[in-house]
Amino acid sequence: MDQKERLQAIIEEKRQAFITAADNIWGTPETRFATEKSVAQHYHILEQEGFALEKGVADMDYSYIATFGSGSPVIGILAEYDALGNLSQVADLPEKKPVEIGGNGHGCGHNLLGTGALAGAVAIKTLMEEENLKGTIKLFGCPAEESGYGKAFMARAGLFDSLDLALTWHPMDVTQAWGDSSLAVYQVYYEFHGTSAHAAAAPEQGRSALDAAELMNVGVQFLREHIIDEARVHYAFIDAGGESANVVQPTAKLYYFIRAPKLEQVEPIYQRINKIAEGAALMTETELTIDFDSACANYLPNPALTEAMHQNLKQVTPLELTAEEIAYEQKFFDTVPQVTKDTLYARAQNAFPTATEAELKEIATMPVNTKLFPYQITDKTAGSTDVGDVSWVVPTAQATIGCEVQGTPPHSWQWVATGKSSVAHKGMLMAGKMIAMTALDALLDPQLIEKAKAEHQQKLAGKTYQSPIPADVVPK
């Protein structure tokens with residue numbers, strides 16, 4: 001048995017501990033920085049495995065750094081475990097049905113993501129002990145990836161500065177080394193304060209905060225025509241002033257996500273939105289408070305490390321599924337709209353241009369896509385992630401594992417429903433193996449790290465990481 005086979009064996013030997021942890025995290029979904037029960041599952045395994053634990057780093061109660069070894073190279077592995085609001089869903093049920101109306105749910109698979117990263121760290125640590133390999137492994141427990149951006153606060157605190165590289169992964173409906181970028185984002189609260197009054201008897205005495213919020217949204221709607229096409233602006237009402245229509249609403253609060261391919265493109269859009277908010281307050285004679293919540297940078301993929309991940313994915317793919325597992329996943333695939341299914345053939349054709357029509361149809365109709373897709377380092381953007389901040393500090397690589405129902409998007413009820421399935425578990429363990437194997441490559445091959453660092457500097461093009469989060473903003 002060679003070293004990479006041993007890494008895979010270690011994870012298989014400990015698989016039940018990882019599955020139990022992932023399922024327990026699924027069962028106690030927690031959002032943003034309030035991930036006390038979720039992180040406890042990591043602590044239990046890390047303490048048993050003998051890692052040195054530093055808890056509550058970067059002013060976040062439920063973050064951690066778990067360390068093993070000493071000296072160079074220093075390899076970081078990134079773990080997440082936060083859930084999403086209003087995505088509660090009954091497990092294994094192929095129809096939308098919440099366990100708790102308005103409750104949380106793991107609609108982005110972070111119960112798997114964090115535990116898969118943990119599995120990779122445990123495996124490489126065990127092999128290092130067995131074979132007396134030199135180097136340092138640091139597993140970072142990162143809350144609030146979905147909203148709040150724990151890794152961005154860690155990067156601002158300099159916690160990644162000592163690393164030679166960082167590795168992570170994400171559940172997805174396709175298996176692929178991740179060569180794309182991501183959108184930089186600011187998250188900002190806009191709160192309006194007015195004056196309440198009887199809406200019929202004395203409306204002239206009222207100053208409506210809700211009017212201000214709605215005028216702001218209208219203004220931003222007109223702004224969308226005058227920003228770059230790749231930018232995205234989203235909002236949610238946190239406070240709409242109450243439920244009484246016969247009261248002039250004295251409060252209203254909006255939560256804005258402002259995205260663009262690069263941080264320097266987000267900032268001017270943010271400033272323009274601030275002016276719109278100020279104008280809305282002026283029009284309604286209300287008071288405005290702008291509260292900067294958090295931000296994260298765009299992701300910089302590293303070619304050398306991404307290629308190493310791709311080679312290791314070749315060794316652990318495909319995901320082997322039983323007939324029962326395929327039948328289980330088919331029920332969820334049947335819920336995917338036909339218009340979405342129609343795009344899966346084009347995706348397969350783009351990835352495998354020499355495949356026959358029969359082969360492409362087979363790929364496009366798999367309920368779980370078990371093919372390893374080729375990758376390409378691109379500037380294409382999709383979504384946002386605080387892994388971006390890490391990638392500005394050190395060479396970083398990540399991959400996606402196709403253990404989600406093909407054609408279903410992140411943040412969907414289908415991802416929550418299948419989050420404890422045996423297919424999800426297999427994908428999580430595959431990710432752990434891939435991460436451990438890539439970490440081993442870095443431990444044994446100094447040239448890989450040198451090449452990754454050279455590419456990183458080339459990608460930075462003379463720039464240095466500047467945290468987009470103002471110094472006075474704290475995790476909350």
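Things worth noting here:
- Taking the conditions (1) open to solvent by 10 Å² or more (accessible area, probe 1.4 Å); (2) under 30 Å from residue 464 (Cα atoms); (3) in a helix (DSSP H, G or I); (4) touching a Ser or Thr at 6+ places or on another chain (Cβ under 6 Å) in turn, residue 310 satisfies each one other than (4).
- All conditions in (1) more than 20 Å from residue 147 (Cβ to Cβ); (2) surrounded by fewer than 24 Cβ atoms within 10 Å (Cβ to Cβ) hold for residue 404, with the sole exception of (2).
- Consider the range 253-285 and keep the residues that are of a type in the set (Val, Ile, Thr) and in a helix (DSSP H, G or I). The one that is nearest to residue 384 (Cα to Cα) is 266.
- Residue that is surrounded by the fewest Cβ atoms within 10 Å (Cβ to Cβ) [pool: residues in the range 410-441 that are under 26 Å from residue 327 (Cβ atoms) and either without any contact (Cβ under 8 Å) to a residue 40 or more places away in the chain or among the β-branched types (Val, Ile, Thr) (or both)]: 423
To keep it simple, each residue is scored yes or no on (1) touching a Leu at 6+ places or on another chain (Cβ under 9 Å); (2) open to solvent by less than 50 Å² (accessible area, probe 1.4 Å); (3) farther than 29 Å from residue 414 by Cβ.
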{"residue": "264", "(1), (2), (3)": "no, no, yes"}
{"residue": "300", "(1), (2), (3)": "yes, yes, yes"}
{"residue": "329", "(1), (2), (3)": "yes, yes, no"}
{"residue": "333", "(1), (2), (3)": "no, yes, no"}
{"residue": "343", "(1), (2), (3)": "no, no, no"}
{"residue": "347", "(1), (2), (3)": "no, no, no"}
{"residue": "352", "(1), (2), (3)": "yes, yes, no"}
{"residue": "363", "(1), (2), (3)": "yes, yes, no"}
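- Selection count where residues are of a type outside the set (A, V, I, L, M), farther than 10 Å from residue 190 by Cα and either touching a residue at least 24 places away in the same chain (Cβ under 8 Å) or open to solvent by less than 60 Å² (accessible area, probe 1.4 Å) (or both), scope the range 268-277: 2
- Residue count for the range 1-53, restricted to those that are polar (S, T, N, Q), more than 20 Å from residue 86 (Cα to Cα) and under 22 Å from the mean Cα position of the chain (by Cα): 2
- The set of residues from the range 313-350 being in a loop (DSSP other than H, G, I, E, B) and of a type in the set (Ser, Thr, Tyr) comprises 317, 322, 335.
- Hey, residue 88 farther than 30 Å from residue 315 by Cβ and open to solvent by less than 10 Å² (accessible area, probe 1.4 Å) or not: no
- Restricting the range 278-298 to residues that are open to solvent by less than 50 Å² (accessible area, probe 1.4 Å) and of a type in the set (Val, Ile, Thr), the residue that is nearest to residue 166 (Cα to Cα) is 286.
- Within the range 226-246, residues that are farther than 21 Å from residue 384 by Cβ sit with their Cβ atoms under 7 Å from residues that are exposed (fewer than 14 other Cβ atoms within 10 Å of the Cβ) and small (Gly, Ala, Ser), at 6+ positions apart or across chains, in these pairs: 246/200.
The values are calculated or read from the model by the stated rules, or taken from the named source; none is laboratory data. Computed from a predicted structure; not experimentally measured. Ideal geometry is used to build each Cβ from the backbone, glycine not excepted, and the neighbour counts take in all protein chains shown. Ligands, DNA and RNA are excluded from the accessible area calculation, which covers all protein heavy atoms including side chains. Shrake-Rupley method; radii C 1.70, N 1.55, O 1.52, S 1.80 Å.
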